[in-house]
Amino acid sequence: MHDFTEKDKEILYNLDTNSRKSIRRIAKEINIPENSLRYRIKRLEDKQVIIRYYTSINSYNFGFNVIKFYTKYININSAKKRQIIDYFSKMPNTWVVSTLEGEFDLGIIFWVHNINSFYPIWNKIFVHHGEYLTNSKLFFQYEALSFRPTYLITNKIRPENEKYDITRQEKQLEISKNDMKILQSFSSNAKTSIIKLSREMNLTSSTISNRIKNLKKNGVIQSYRIDIDVSKLGLYHIKADVFLNNLKDISKVIKSFKKCPYVVCIMKSIGHSDVEIEFHVKNIAHFHQLMMKFMDKNPKTIKNYTFFQGRISHKLRWIPQIIKSKNRSNMIKY
């Protein structure tokens, strides 16, 4: 996007802090006329810089766990690749489906109740597509810290008071069917209106509003954000798998990288690496520069790291699409 301006960056950053904010409020916060703001947002949408408006939902809190699957293609052609991507995108319990470049070609993130519920999925993947997949790796995610794209407004240290989302199991909740309907709607469109939900669910607007407030209070709804195609901004989405010499240093690593304005996510997982870090960077050299900056200041902390690039986001949905009740009451227990 050659005519991308500093004001456009400010708009994107502001929307990512709360994409349900009114035009009037955003215009006031960034000092721009409302008509100009509407035009700029529409333009960002039309150019697919803003891919979607989504809700960050902590599905851990009602019984789900996260398994990440990375793989490389073999014996592949364009039609088969499209078929495999569609296969994963249509699965009701996939959170993320992404085309990658580098160590892996495809990344899938699943919501699952437990390993017993995941095994049939895993088995079916390789029964139907195993001859086209190799070098497959699984990660069992424990925690994810998701940050705002601070680099849009500054290249200095991330402000300490900047909000970020923590996705992990903090409590075990029972979610009503009506709450689940709200979450299902918000997961695909964070800008869904309360009036529209009220009509669809045959509930008053005040009832819907109170349910949303309660979901936020219980840490289920964390924030309303936007999915940005950073390639349109001339940036690269890089994920690093970091291997430490000693796991006792993991807190130090996380604390340091949290300050970096180009870091957008840090994850603790069981599996291939000790910590995973996602960046939005100017180029590959910029990514290595950020890694070496830490390694120079903290010698013998990081053993080594590998990385790959996120190319295309095919699906992003923070809650499974189909939820089955485990009992016959009007509550769904997870």
Spin-label model distance (nm) - residue 127 vs residue 99, 7 Å beyond Cα toward Cβ: 2.9 nm
Anything in the chain that counts as a DSSP H helix reaching 15 Å or more along its axis (C-alpha) with Kyte-Doolittle mean of at least -1.0? List them, would you? 78-89, 115-129, 177-188, 284-297
Quick one: length gained pulling residue 181 to residue 30 fully straight, 0.36 nm per residue minus the C-alpha distance? 51.0 nm
Which FRET efficiency value, to the nearest 0.05, is calculated for residue 81 and residue 3 with the Förster distance at 25 angstrom and r the Cβ-Cβ distance? 0.15
For the pairs 191/315; 239/268; 81/315; 72/255; 213/259; 156/239, flag any whose C-alpha to C-alpha distance is greater than 23 Å. 72/255; 213/259
Pop the C-beta distance of residue 202 and residue 283 into the FRET formula with R0 = 45 Å and round what comes out to the nearest 0.05. 0.30
Residue 213 to residue 22: extension gain in nm, 0.36 nm per residue of separation minus the Cα-Cα distance? 67.0 nm
For a label point 7 Å from the Cα of residue 306 along Cα→C-beta, name the residues of region 58-73 whose backbone N is under 18 Å from it. 68-73
Consider a paramagnetic label point 7 Å from the Cα of residue 295 along Cα→Cβ; state which residues of region 266-281 have an amide N under 16 Å from it. 274-277
From the list (i) 1.06; (ii) 0.94; (iii) 0.96, can you say which value of Rg/Rh (Cα atoms, Kirkwood Rh) was derived from the structure given? (iii)
Return the distance in nm (one decimal) between the two label points of a simple spin-label model at residue 321 and residue 39, each offset 7 Å from Cα along Cα→Cβ. 3.8 nm
According to the square roots a ≥ b ≥ c of the eigenvalues of the Cα gyration tensor, what is the shape class of region 6-47, taking rounded for a/c under 1.5, prolate for a/b larger than b/c otherwise, and oblate for the remainder? rounded
Over all viewing directions the Cα convex hull of region 174-219 casts an average projected area in nm² of 3.0 nm²
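Each value in this text was obtained by applying a stated rule to the coordinates, not by laboratory testing. Note that this is a predicted model, so its numbers are computed, not measured. Quick reminder, even Gly has a Cβ in these numbers, built from the backbone with ideal geometry, and neighbours come from all protein chains shown.
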